[in-house]
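Below is one structure, written out as structure tokens; the observations come after it.
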């Protein structure tokens, strides 16, 4: 629905609603070139949101809606498209990668009070991200939401073995390593979106990084189990097979 539609629904609900806290939004830098936009509510109910995101300095490379919660794409009034249409001019997610910005217009079913992720976005470099827009929830409408500039690229350093950029070191990273063992660098192999391989090629340096961080996640600083003998054996056989065939 457009901002005007959200406003009408919120106004009707507000007639019978008790005094409730307004919803808020936040931009979170998750590290490793990944961030998210969260919508925070203090009461249970459905959510309607039209949120824009702009990056400065950093380069926006993509975005994915959290469809498990925000499962309805609504027509919204995209601030990057001239005019103010009644029915909205962008339905769902609108990406403008050349200008490092996006617009998302989505609704949810009934959800509990708390923080609900609207979307994940990916970026390269360092800079800031600013989200702004309107959120309607349980009869309340907040049109002036603005996170201000949030630093990007200053989060936790990526783990040495997090080759796929997932934030954790595991099977996906092992698959990338084995399938690209011995590949020349540059270029960076496809799918290698996390910690980058070093020249002249994928090999022992990447293996060391994988083994030293196996089982860890970027949000955890606690000790983790050592790689199993089976894992070490699998890596050894795969690497030996490649060298024999080279």
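If you take just the strands (runs of 3 or more DSSP E) that sit entirely in region 94-196, which of them hold at least 2 residues that are under 15 Å from the mean Cα position of the chain (by Cα) and closer than 18 Å to residue 34 by Cα?
Values: elements: 101-107, 114-124, 127-137, 140-146, 150-152.
Answer list for region 94-196: 101-107, 114-124, 127-137, 150-152.
Conditions (1) modelled with pLDDT under 95; (2) on the phi > 0 side of the Ramachandran plot; (3) not in a strand (DSSP E or B), marked per residue:
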position: 30; (1), (2), (3): yes, no, no
position: 35; (1), (2), (3): yes, no, no
position: 38; (1), (2), (3): yes, no, no
position: 49; (1), (2), (3): no, no, no
position: 55; (1), (2), (3): no, no, no
position: 60; (1), (2), (3): yes, no, no
position: 81; (1), (2), (3): yes, no, yes
position: 84; (1), (2), (3): yes, no, yes
position: 88; (1), (2), (3): yes, yes, yes
> List the pairs whose first member sits in region 76-104 and is more than 21 Å from residue 64 (Cβ to Cβ), whose second member is assigned to a loop (DSSP other than H, G, I, E, B) and modelled with pLDDT of 95 or more, and whose Cβ atoms are under 9 Å apart, counting only residues at least 6 apart or on separate chains?
Replying inline: none
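Would region 173-183 turn up any residue that is touching a residue at least 60 places away in the same chain (Cβ under 8 Å), buried (at least 16 other Cβ atoms within 10 Å of the Cβ) and closer than 22 Å to residue 29 by Cβ?
Residues of region 173-183 that are touching a residue at least 60 places away in the same chain (Cβ under 8 Å), as a first pass: 174, 178, 181-182.
If we keep only those that are buried (at least 16 other Cβ atoms within 10 Å of the Cβ) as well, we get 174, 178, 181.
With the extra rule that they be closer than 22 Å to residue 29 by Cβ, the set shrinks to none.
Checked against the condition, which is being touching a residue at least 60 places away in the same chain (Cβ under 8 Å), buried (at least 16 other Cβ atoms within 10 Å of the Cβ) and closer than 22 Å to residue 29 by Cβ, region 173-183 yields no hits at all.
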> Does residue 62 satisfy the condition of being touching a residue at least 60 places away in the same chain (Cβ under 8 Å), under 22 Å from residue 125 (Cβ atoms) and in the same structural domain as residue 29 (by TED's automatic domain parsing)?
Replying inline: yes
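Among the residues of region 65-75, how many are in contact (Cβ under 8 Å) with a residue 12 or more places away in the chain, under 21 Å from the mean Cα position of the chain (by Cα) and either more than 18 Å from residue 143 (Cα to Cα) or not in a loop (DSSP other than H, G, I, E, B) (or both)? Can you show your working first?
At the first step, the residues of region 65-75 found to be in contact (Cβ under 8 Å) with a residue 12 or more places away in the chain are 65-66, 69-75.
Still in the list and also under 21 Å from the mean Cα position of the chain (by Cα): 65-66, 69-74.
Filter once more, so that each one left must be either more than 18 Å from residue 143 (Cα to Cα) or not in a loop (DSSP other than H, G, I, E, B) (or both): 65-66, 69-73.
Number of matching residues: 7.
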> Taking into account only those residues within region 144-166 that are out of contact with any helix residue (DSSP H, G or I) (no Cβ under 7 Å at 6 or more places or on another chain), at pLDDT 80 or above and surrounded by 14 or more Cβ atoms within 10 Å (Cβ to Cβ), which is nearest to residue 23 (Cα to Cα)?
Replying inline: 145
>> For region 215-231, check the following and say yes or no: at least one residue is modelled with pLDDT under 80, crowded, with 17+ Cβ neighbours inside 10 Å, in contact with a strand residue (DSSP E or B) (Cβ under 8 Å, 6 or more places away or on another chain) and part of a loop (DSSP other than H, G, I, E, B).
In response: yes
> Out of (1) within 25 Å of residue 188 (Cα to Cα); (2) assigned by TED's automatic domain parsing to the domain that holds residue 40, the odd one out for residue 105 is which?
Replying inline: (1)
>> For region 62-98, give me the residue count where each residue is farther than 22 Å from residue 28 by Cβ and loosely packed, with under 13 Cβ neighbours inside 10 Å.
In response: 6
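The values are calculated or read from the model by the stated rules, or taken from the named source; none is laboratory data. Given the structure is predicted, the values throughout are model-derived calculations rather than measurements. Counting neighbours? That spans all protein chains shown, and the Cβs are built from the backbone with ideal geometry, glycine included.
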